[in-house]
There are 2 protein chains.
Amino acid sequence: MTDKYAKIVSKGLGKDVAKRLGLPQPVELRRHQPGAPLIDGPVLVNGDSRGADDLATTLLGWGLDVRRHALPKEKLGAIIVVLDAVQHPEDLGKPVLTIGASLRDLAPNGRVITLSRTAGSASGPASAAARQGVDGLLRSLAKELRAGATANGLLLDADLATTSPSALGALRFFLSGRSAYVDGQFLTISSSSGSLPFDAEKPLAGKVAVVTGAARGIGAAIARTLHRDGAKVVLVDVPAAGDHLAAVANEVRGTALQLDITRDDAGHRIIDHAVERHGRLDVVVHNAGITRDRLLANMDERRWQSVIAVNIAAQLRINEALLASEHFKERPRIVSVASTSGIAGNRGQTNYAASKGGVIGMVRLTAPLMESFGGTINAVAPGFIETEMTARMPFVIREAARRANSLRQGGQPRDVAEAIAFLASDAAGGISGEVLRVCGQQLVGA
Amino acid sequence: MTDKYAKIVSKGLGKDVAKRLGLPQPVELRRHQPGAPLIDGPVLVNGDSRGADDLATTLLGWGLDVRRHALPKEKLGAIIVVLDAVQHPEDLGKPVLTIGASLRDLAPNGRVITLSRTAGSASGPASAAARQGVDGLLRSLAKELRAGATANGLLLDADLATTSPSALGALRFFLSGRSAYVDGQFLTISSSSGSLPFDAEKPLAGKVAVVTGAARGIGAAIARTLHRDGAKVVLVDVPAAGDHLAAVANEVRGTALQLDITRDDAGHRIIDHAVERHGRLDVVVHNAGITRDRLLANMDERRWQSVIAVNIAAQLRINEALLASEHFKERPRIVSVASTSGIAGNRGQTNYAASKGGVIGMVRLTAPLMESFGGTINAVAPGFIETEMTARMPFVIREAARRANSLRQGGQPRDVAEAIAFLASDAAGGISGEVLRVCGQQLVGA
């Protein structure tokens with residue numbers, strides 16, 4: 001669970017040696033600390049559209065130190081590139097070259113964030129080319145940044161304003177330390193729903209959230225993060241994990257529900273528990289998942305079916321109960337944990353990748369079913385995360401997987417939890433049916 | 001342009017040493033030879049749906065040695081898994097475990113091909129989960145196959161039959177040596193348009209095809225492949241490449257057109273040349289492209305703009321002329337060369353990735369504009385291809401890029417050309433707006 005290599009090469013002699021040998025030198029990422037500023041240093045808002053002006057005004061209103069033009073030699077906390085009005089690939093050059101000239105002034109752990117529009121909503125080929133061009137550009141740029149800096153993009157659907165609630169919500173997420181391990185990714189804002197929290201430190205105040213698989217690892221981190229953000233948490237895990245579950249539940253002042261999620265009545269039990277104990281149910285995080293790796297040539301039915309049963313069939317059944325419940329109708333949120341394996345596939349994981357690909361398909365087709373009552377459903381897809389599970393991997397495979405991303409290190413369970421907490425919040429109300437990778441821009445892809 | 005390592009480890013002592021050291025051992029891929037059978041060995045058609053039955057009957061009609069159940073110890077040329085009727089992730093287990101048991105009997109350079117439906121056209125979450133599950137499954141399986149065997153999938157939109165023309169066309173492509181370097185990929189069949197060729201060896205007989213950047217490398221390979229498939233080829237390149245261009249044009253008995261494609265009138269010149277010299281214009285392959293790599297922090301306007309101008313702006317302008325021309329209305333085909341860099345980004349290539357991402361956006365939004373007259377537009381995205389350009393890469397970077405894919409080797413220019421020839425054919429009439437990666441299932445992704 002610890003990355004000894006990263007510690008050795010981050011200071012003193014180790015740092016010096018690693019630098020001389022050209023070895024990867026991961027830096028300690030800036031992560032969210034309660035009370036810390038959203039971003040350290042000035043924020044350059046580049047772009048001359050109305051959308052850029054409006055955004056700059058809003059950021060000034062947040063108390064950020066906003067620049068519309070870079071000052072010589074001044075270190076920048078973030079560079080925001082507003083490309084909402086580009087109509088042709090030739091329009092990209094001026095803004096992109098302008099920010100290119102400022103990249104050397106980007107502070108460690110800084111941020112580059114693009115705001116552009118979805119290619120699918122373009123009016124024609126030239127506009128679509130410009131918009132999809134931002135995709136190739138941003139992903140390349142993310143691979144060029146160093147020292148913990150990341151590049152991510154917001155995609156506004158159709159005519160949404162740059163200051164629509166979830167655009168601002170996602171912008172805050174990307175600027176903050178909450179997105180430390182999200183790199184080279186896009187989030188699509190598909191509606192003007194959503195609202196920024198009254199208290200930025202407690203965006204989930206008043207919400208009741210259920211987390212499955214909460215006894216340890218990523219699930220426990222999710223429970224802690226939702227609690228930190230103000231939610232009352234119901235922690236679900238199998239009876240065999242009862243002691244761990246109780247310990248985490250006590251820590252976050254939540255309640256424990258021992259439950260096998262593959263039971264037919266799991267959804268009803270979850271709803272009943274939340275409503276009876278806490279009076280409501282706002283957020284369900286489908287985190288519980290298992291692996292039973294084996295090459296397909298050696299796969300047996302038990303391994304295959306158990307992974308499908310826990311990782312996707314249970315989610316489908318629980319969601320049916322949620323969608324049918326009168327207690328899950330006030331802007332509810334579902335967030336599922338998928339995996340980069342479900343996107344790119346992984347040797348030895350046909351069953352796991354099928355289940356996690358399944359989660360992605362499920363999320364996309366469930367989103368429209370939740371729209372009428374202001375609900376959203378999204379997935380996060382973790383890459384290499386430092387857990388007990390990855391700690392058991394053989395050394396060479398673990399090291400390779402750990403470094404094969406733009407941040408040259410594994411993520412922490414809390415990084416996954418932060419993305420989930422954001423998607424569970426009111427600020428993400430305009431985001432639904434999306435898959436957000438939390439992978440440090442992991443090399444593997446489709 | 002040659003892969004000495006692959007030659008050394010493919011036989012004799014080198015093979016033995018590589019095996020003992022656990023080094024990658026790329027095999028020589030089966031590539032299309034005129035007159036060779038579509039596939040060597042029996043084809044197992046797995047699945048008990050009506051779609052599976054119909055497909056098996058069709059393949060029998062092609063003279064293939066079809067099995068509906070595996071025979072003990074018999075080597076298989078291909079395994080086709082028909083999953084067109086799955087409704088729930090739990091439906092995947094039986095067919096997948098059945099083919100898993102047959103994987104050890106798959107011959108070297110064999111094929112696994114799934115036929116399933118697009119997740120987007122699913123009727124609800126469970127069905128979408130099953131369909132998207134096939135994605136994770138197939139990509140995992142492709143990473144498990146060895147000895148030149150590949151796994152690819154067909155995605156049928158909505159209610160399309162397994163025997164619709166382009167499903168069969170794509171199936172033939174995937175079975176054949178033409179798809180040697182396509183691995184872990186899906187092709188979506190979106191309509192019942194298209195027709196199989198009268199002469200399978202000359203699928204482009206009677207067609208006039210334009211190829212830009214045809215003087216060398218991938219462009220020359222495209223010209224040769226389109227010629228082999230029966231097309232009359234117009235070879236376009238800049239005047240400075242005139243000698244090379246003339247040589248390739250002579251070789252393929254085509255005509256050369258010296259032209260800077262960034263000229264305003266490039267589209268009209270292409271159309272005029274084709275119609276005046278050959279009486280018609282059926283296929284345009286946008287292959288011409290340049291790289292001007294530089295980190296964005298060091299990028300200058302000339303490098304940025306020239307890449308955008310050649311790689312995407314020229315294509316947009318030429319397509320406008322094509323779409324407006326009365327000579328490009330009989331089931332015409334446009335095929336653009338994108339790049340995996342345009343999908344995943346690449347360090348030092350913000351300009352190139354923006355242009356190639358642009359190509360992908362352009363293709364998607366141009367597809368509907370060509371539908372009314374039976375036209376299609378698609379892109380291929382090459383991964384690491386052995387060309388003069390990649391031969392100039394530093395040794396270590398080249399070796400890493402060459403092996404970072406499931407086939408453990410770079411592709412050949414002809415592999416890209418084969419995919420383009422397929423997409424240019426009548427058999428691909430039901431495929432439009434798609435991007436087909438020719439990358440050996442390259443590790444890098446979005």
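The values are calculated or read from the model by the stated rules, or taken from the named source; none is laboratory data. Please read all numbers here as calculations on a predicted model, not as lab measurements. Cβ: placed from backbone, ideal geometry, glycine included. Neighbour counts: every protein chain shown. Remember, those area values only see protein heavy atoms, side chains included, never the ligands or the DNA or RNA. Shrake-Rupley method; radii C 1.70, N 1.55, O 1.52, S 1.80 Å.
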- request: Mind telling me which of the residues B:209, B:167, B:223 ends up being surrounded by 20 or more Cβ atoms within 10 Å (Cβ to Cβ), under 30 Å from residue A:445 (Cα atoms) and hydrophobic (A, V, I, L, M, F, W, C)?
  value: B:167
message: Kindly evaluate residue B:95 against the criterion of being modelled with pLDDT of 95 or more, more than 7 Å from chain A (Cβ to nearest Cβ) and part of a helix (DSSP H, G or I).
response: yes
- prompt: Which residue out of B:243, B:260, B:272, B:264 is without any contact (Cβ under 8 Å) to a residue 40 or more places away in the chain, closer than 24 Å to residue A:127 by Cα and either open to solvent by 10 Å² or more (accessible area, probe 1.4 Å) or facing another protein chain (nearest Cβ under 10 Å) (or both)?
  reply: B:260
message: Looking at A:385, A:377, can you tell me which residue is among the β-branched types (Val, Ile, Thr), more than 25 Å from residue B:381 (Cβ to Cβ) and either within 11 Å of another protein chain (Cβ to nearest Cβ) or surrounded by fewer than 23 Cβ atoms within 10 Å (Cβ to Cβ) (or both)?
response: A:377
task: Given the conditions (1) within 27 Å of the chain's Cα centre (by Cα); (2) touching a residue at least 24 places away in the same chain (Cβ under 8 Å); (3) surrounded by 18 or more Cβ atoms within 10 Å (Cβ to Cβ), report the number of the one that residue B:65 does not fulfil.
output: (3)
- line: Output for Cβ contacts, cut-off 6 Å, separation at least six or different chains, first residue closer than 17 Å to residue A:254 by Cβ in the stretch A:193-210, second in a loop (DSSP other than H, G, I, E, B) and open to solvent by 60 Å² or more (accessible area, probe 1.4 Å), reads A:208/A:280
task: Residues that are over 24 Å from residue B:381 (Cβ atoms) and basic (Lys, Arg): find the helices (runs of 4 or more DSSP H) completely inside the stretch B:210-291 holding 2 or more of those.
output: B:266-278
- prompt: Looking at B:407, B:369, which one is assigned by TED's automatic domain parsing to the domain that holds residue B:288, farther than 29 Å from residue A:100 by Cα and buried (at least 19 other Cβ atoms within 10 Å of the Cβ)?
  reply: B:407
task: Would you mind listing the helices (runs of 4 or more DSSP H) fully within the stretch A:294-367 where at least 2 residues are farther than 15 Å from residue B:133 by Cα and more than 7 Å from every other protein chain (Cβ to nearest Cβ)?
output: A:301-308, A:314-324
task: Only one of these is more than 14 Å from chain A (Cβ to nearest Cβ), open to solvent by 20 Å² or more (accessible area, probe 1.4 Å) and more than 23 Å from residue B:189 (Cβ to Cβ): B:74, B:90. Name it.
output: B:74
message: For the list (1) among the aliphatic types (A, V, I, L, M); (2) open to solvent by 10 Å² or more (accessible area, probe 1.4 Å); (3) closer than 17 Å to residue B:382 by Cβ, I need the number of the one condition that residue B:323 fails.
response: (3)
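Looking at the structure I just gave you, is residue A:336 closer than 19 Å to residue A:259 by Cβ, under 22 Å from the mean Cα position of the chain (by Cα) and either buried (at least 24 other Cβ atoms within 10 Å of the Cβ) or among the hydroxyl-bearing types (Ser, Thr, Tyr) (or both)?
Yes, satisfied.
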- request: Within the stretch B:15-43, track down each residue that is under 17 Å from residue B:81 (Cα atoms) and more than 24 Å from the chain's Cα centre (by Cα).
  value: B:42
query: Within the stretch A:51-83, which residues are in a loop (DSSP other than H, G, I, E, B), touching a Gly at 6+ places or on another chain (Cβ under 8 Å) and either among the aromatic types (Phe, Trp, Tyr) or within 20 Å of residue A:176 (Cβ to Cβ) (or both)?
result: A:65, A:75
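Conditions tested, residue by residue: (1) assigned to a strand (DSSP E or B); (2) within 9 Å of chain A (Cβ to nearest Cβ); (3) among the charged types (D, E, K, R).
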site: B:85; (1), (2), (3): no, no, no
site: B:104; (1), (2), (3): no, yes, yes
site: B:109; (1), (2), (3): yes, no, no
site: B:123; (1), (2), (3): no, yes, no
site: B:127; (1), (2), (3): no, yes, no
site: B:138; (1), (2), (3): no, yes, no
site: B:143; (1), (2), (3): no, yes, yes
site: B:152; (1), (2), (3): yes, no, no
site: B:160; (1), (2), (3): no, no, no
message: Looking at the stretch B:15-31 only, could you name the residues that are touching a helix residue (DSSP H, G or I) at 6+ places or on another chain (Cβ under 7 Å) and open to solvent by less than 20 Å² (accessible area, probe 1.4 Å)?
response: B:18, B:26
- prompt: Taking interchain pairs and intrachain pairs at least six residues apart, which have beta carbon atoms under 9 angstrom, with the first residue in the stretch B:25-50 and farther than 30 Å from residue B:117 by Cβ and the second among the hydroxyl-bearing types (Ser, Thr, Tyr)?
  reply: B:25/B:10; B:26/B:5; B:26/B:10; B:27/B:10; B:28/B:10; B:31/B:181; B:36/B:176
message: Given the criteria surrounded by 22 or more Cβ atoms within 10 Å (Cβ to Cβ), over 16 Å from the mean Cα position of the chain (by Cα), in the same structural domain as residue B:58 (by TED's automatic domain parsing) and more than 28 Å from residue A:435 (Cβ to Cβ), does residue B:162 qualify?
response: yes
